[in-house]
1. Sort through Leu177, Leu139 and tell me the only one that's modelled with pLDDT of 85 or more and either outside the structural domain of His62 (by TED's automatic domain parsing) or touching a strand residue (DSSP E or B) at 6+ places or on another chain (Cβ under 9 Å) (or both).
2. Take the residues of the stretch 138-167 that are in contact (Cβ under 8 Å) with a residue 24 or more places away in the chain and assigned to a helix (DSSP H, G or I): which is farthest from Phe212 (Cα to Cα)?
3. At pLDDT 90 or above and aromatic (Phe, Trp, Tyr) - does that describe any residue in the stretch 202-223?
4. If I ask for residues that are farther than 13 Å from Val172 by Cβ and more than 22 Å from the chain's Cα centre (by Cα), which ones from the stretch 207-221 would you list?
5. For residues that are aliphatic (A, V, I, L, M) and over 8 Å from the mean Cα position of the chain (by Cα), scanning just the stretch 30-39, find the one that is nearest to Trp63 (Cα to Cα).
Amino acid sequence: MYKILMIEDDVSLAAAMKKQIETWGNEVRLVQDFRNVIPAFVEYDPHMVLVDIMLPFYNGYHWCSEIRKISDVPVIFISSASDNMNIVMAMNMGGDDFIPKPVDADVMIAKIQAVLRRTYDMGGSKIPVLEHRGAVLNLNDASLYYNGRQIELTKNEFRILQTLMENKGRIVSRDTLMTKLWQTDSYVEENTLTVNITRLRRKLDSQGLPDFITTKVGSGYMI
């Protein structure tokens, strides 16, 4: 079974497409908040995305571009604007195929199955990411994205964020973080960890992510 995220604001069309796709044994989730698609994408971790071009707030090209910053998951555009210019634009933005409206159920299923087979039968895989409050940490290239911007991280900052985000909602001790940072059980000056945490917090604050990391006095840190 494959998980498919659908970004379509036409409620009746989305429901009909969802029902048709699920009859073939796949699972479909519909995006509800068209302002904040990326957190929904990361939380659901789909095998494929179906996205309309004309959407509230931001168009489908925008969301495809944002998804491409953190994932190589296949994206299929859906649109009534099926002229050559829009098809070319969709492909140039990182799309894998294009389904014109009005949607023909048989054509839709054939295209979805072909892209899924091409992607996953040939060993394709999704990029591993972690997400919190709209900030997305790409574990492949150690990059952090928020509000469409890439936030540069040092090696230590990435390791701190990765460890905290992997344990979201749980306290991570200073000893655990120091071991993760320096990959050693030997003694490391504790002030070095404090300096790294302070710099990371300032960086996150400056990018619109205040209080991203919480200090638990005497215990450690948590997200």
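1. Numbers: Leu139 fails: modelled with pLDDT of 85 or more.
Only one candidate passes the filter, namely Leu177.
2. That would be Asn156.
3. Yes: the stretch 202-223 contains one or more residues that are at pLDDT 90 or above and aromatic (Phe, Trp, Tyr).
4. Selection gives Val217, Gly218.
5. Among them, the one singled out is Val37.
The values are calculated or read from the model by the stated rules, or taken from the named source; none is laboratory data. As the structure is a prediction and not an experimental result, all values here were calculated from the model. For neighbour counting, all protein chains shown are included, and Cβ atoms are generated from backbone atoms with ideal geometry for every residue, glycine included.
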